[in-house]
Every structure is written in structure tokens, then in C-alpha cells.
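A short write-up of the structure that comes next.
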Amino acid sequence: MLRIYLALAFILLLNTAYAERLLIVGDSLHPPFSYLNGQSAKGIYSDIVSGALEKMGEDGFAIKLVPWKRALYMVETGGAVGIFPPHYFPDQRPFLRSYSVPIMAETSTVYCNVRQLDKLGFHSRPEPTWPDDFVDLRFALSLGVLMGGDEFWGLVNLGKLDVIRVPGPDNAMQLLNLGRADCHINDRVTIQWYLKALQHQYPSFQPDYIKEIVRIEEEAGFLALSSHWPMQQADPFLRQFNETIEQMRKAGEIQDIILRNISEAKLLAR
């Protein structure tokens with residue numbers, strides 16, 4: 001019974017702390033960019049945004065990670081003043097009035113098992129053309145991921161590319177490692193993070209033959225502000241946040257955060 005009372009008291013204190021500060025929300029299920037470890041906000045964007053707020057001397061904000069759809073709902077209804085890291089889709093999300101400078105680049109890439117490609121004679125092609133030079137290869141893709149572009153998915157629909165759906169990049173990387181799939185599409189940092197996490201989890205996992213083969217496209221993640229937040233408060237905050245992000249970028253701090261997160265990568269319990 002005492003444990004129940006203590007748990008209820010902790011939840012009450014947590015909610016009170018959030019209520020006293022302006023909320024910035026992020027995705028709780030998107031490693032390595034933002035995710036929960038217990039009650040703690042972790043991930044690259046979480047570290048960058050919290051680091052920027054600290055440098056700005058802003059202690060009137062709290063970062064809270066929740067499932068992505070709930071995070072969007074919170075900024076749409078005014079329950080949070082900001083959200084990270086949406087891509088730039090202003091027409092689809094009119095409730096996000098303003099976006100920060102790009103926080104970091106997210107580069108969609110194709111990683112493959114080069115031993116498998118050697119067997120298929122793939123490396124005789126000097127500069128592979130995406131996606132035409134990848135026909136007849138087997139792709140392991142995370143459930144729900146639609147990266148690759150219209151031409152790639154057109155070849156999939158024609159049966160010229162085989163796609164195996166798996167629950168997460170970690171499973172895709174293991175299929176590549178075993179030679180049961182040839183390639184995987186994802187953000188470059190995400191793949192690097194999962195390769196390191198699998199090394200930490202399974203000492204026998206050797207990613208030396210899993211290499212980046214081609215870059216597809218580049219997007220960026222932002223901090224976006226809710227249209228419910230009054231402009232007289234939001235605009236000065238965003239100007240200072242942008243200046244701080246640019247300072248962190250020039251000082252190499254953002255790259256350091258990315259590299260640290262990759263080096264410390266650990267698989268999350270499902």
C-alpha cells in the first residue's frame with residue numbers, strides 16, 4: 001500500500017512540475033532521435049533541444065516525450081507550445097505556425113551486405129543508379145517505413161524488388177548480417193546507431209560487411225511551435241533558439257551529441 005501511495009505522489013509531483021512550465025513535446029518511440037528510458041527523455045534531438053534551452057537560460061520549459069500522434073494532438077490543441085522533430089510539412093500541419101532552423105540533417109541511405117552484393121557482381125557497377133541498379137535484391141524494411149521514393153516502390157509493385165517487412169531496424173540489420181536480406185533503407189544515423197547497439201547487445205554481431213551504398217535524399221528535423229502560443233512570446237524565443245542552435249552547430253556540439261549517442265547505443269526493451 002505504501003508503494004502505491006508513493007507512486008501516486010510521484011505522478012502528482014510530475015504533473016505539477018509540467019503544469020508550472022511550458023511543454024515542448026517529442027516522440028517517445030523514435031530511437032535514436034527521441035525515446036524514453038524509464039521516465040528520462042533520451043536521444044539526439046532530446047539532447048540537442050535540452051542543451052539549447054540550458055544555454056539560453058530557459059528554465060520555464062519542460063520536455064515531455066509521448067507517442068507521436070499524441071504529441072501532434074498536444075501542439076494542435078495548445079497543450080504544448082512546441083514539438084520536435086517534425087519534418088517541414090506546413091500544408092499538412094497548419095497548427096504549427098513557425099519552424100526553427102534545421103536542427104540536423106537526416107539522410108536517407110541504402111546500406112547493404114557487401115558480401116552479398118559481391119556474389120551478385122554488384123560492385124562491377126561504378127556508380128549505382130537508384131533504384132534501377134538494385135533490381136533483384138532483397139530489402140529488409142521496418143514496418144511502416146515508406147522511404148525509397150516512388151520509383152523504388154514501383155519496382156516493388158512490379159515484383160522486381162523483394163521487400164521483407166520486419167519489426168524494427170535491429171531485425172533488419174540482423175537479417176543483413178546473416179545474409180538473409182541484401183539491403184536496408186533508413187536514415188544514416190539510425191542505421192549507425194542500431195549497428196552499434198547490436199554490437200553492444202551481441203558480441204558475435206559483426207557489422208563490418210554492412211556498408212552505405214547510395215544516398216537517396218536528405219531532409220531535416222526542426223523544432224516547430226504551436227499556433228496557440230502567442231507570437232509576442234513565441235517569436236523572441238524562436239530567434240534565440242535559432243541563434244543557439246547555429247552556435248552549437250559551429251562549435252561542433254551537435255555533431256558531438258550525434259556521435260556520443262551512437263557510441264552509447266543500446267537496444268530498448270520491447
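The values are calculated or read from the model by the stated rules, or taken from the named source; none is laboratory data. Just so it is clear, the structure is predicted and the values come from calculations on it, not from any experiment. Positions of Cβ are generated from backbone atoms using ideal geometry, with glycine treated the same way; all protein chains shown enter the neighbour counts.
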A52 vs. criteria farther than 21 Å from R188 by Cα, among the aliphatic types (A, V, I, L, M) and in a strand (DSSP E or B): no
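Identify, from the list D235, D256, D208, the residue that is assigned to a helix (DSSP H, G or I), more than 21 Å from the chain's Cα centre (by Cα), outside the structural domain of G144 (by TED's automatic domain parsing) and surrounded by fewer than 18 Cβ atoms within 10 Å (Cβ to Cβ). Show your work before the answer.
Working: D256 fails: more than 21 Å from the chain's Cα centre (by Cα); D208 fails: outside the structural domain of G144 (by TED's automatic domain parsing).
Of the residues listed, the single one that is assigned to a helix (DSSP H, G or I), more than 21 Å from the chain's Cα centre (by Cα), outside the structural domain of G144 (by TED's automatic domain parsing) and surrounded by fewer than 18 Cβ atoms within 10 Å (Cβ to Cβ) is D235.
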Criterion (surrounded by fewer than 19 Cβ atoms within 10 Å (Cβ to Cβ), out of contact with any helix residue (DSSP H, G or I) (no Cβ under 9 Å at 6 or more places or on another chain), under 20 Å from M147 (Cβ atoms) and not aliphatic (A, V, I, L, M)) met by exactly one of T129, T77, T107: T129
Candidate set from region 141-168 (those that are closer than 14 Å to I185 by Cβ and among the charged types (D, E, K, R)); member that is surrounded by the fewest Cβ atoms within 10 Å (Cβ to Cβ): D150
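Pick out the one residue from P31, P90 that is outside the structural domain of L195 (by TED's automatic domain parsing) and either within 25 Å of R239 (Cβ to Cβ) or more than 19 Å from the chain's Cα centre (by Cα) (or both).
Being outside the structural domain of L195 (by TED's automatic domain parsing) and either within 25 Å of R239 (Cβ to Cβ) or more than 19 Å from the chain's Cα centre (by Cα) (or both) holds for just one of P31, P90, which is P90.
Mind telling me which of the residues I245, I185 ends up being crowded, with 21+ Cβ neighbours inside 10 Å, under 23 Å from Y35 (Cβ atoms) and over 17 Å from the mean Cα position of the chain (by Cα)?
Values: I185 fails: over 17 Å from the mean Cα position of the chain (by Cα).
Step by step, each of I245, I185 is checked, and only I245 is crowded, with 21+ Cβ neighbours inside 10 Å, under 23 Å from Y35 (Cβ atoms) and over 17 Å from the mean Cα position of the chain (by Cα).
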Any hit, region 110-117, residues being buried (at least 19 other Cβ atoms within 10 Å of the Cβ), in the same structural domain as V189 (by TED's automatic domain parsing) and among the β-branched types (V, I, T): yes
Qualifying residue in region 29-46 (condition: surrounded by fewer than 16 Cβ atoms within 10 Å (Cβ to Cβ), closer than 24 Å to N186 by Cα and at pLDDT below 95): yes
Any pair with Cβ under 6 angstrom, 6 or more apart, that starts in region 159-172 at a residue that is on the phi < 0 side of the Ramachandran plot and ends at one that is surrounded by fewer than 14 Cβ atoms within 10 Å (Cβ to Cβ): K160/V135; R165/L143; P167/L143
Tally, over region 159-175, of residues that are of a type in the set (K, R) and touching a Ser or Thr at 6+ places or on another chain (Cβ under 9 Å): 1
Residue within region 185-194 that is hydroxyl-bearing (S, T, Y), in contact (Cβ under 8 Å) with a residue 60 or more places away in the chain and outside any loop (DSSP other than H, G, I, E, B) present: yes
F241 being under 26 Å from D47 (Cβ atoms), out of contact with any helix residue (DSSP H, G or I) (no Cβ under 9 Å at 6 or more places or on another chain) and at pLDDT 95 or above: no
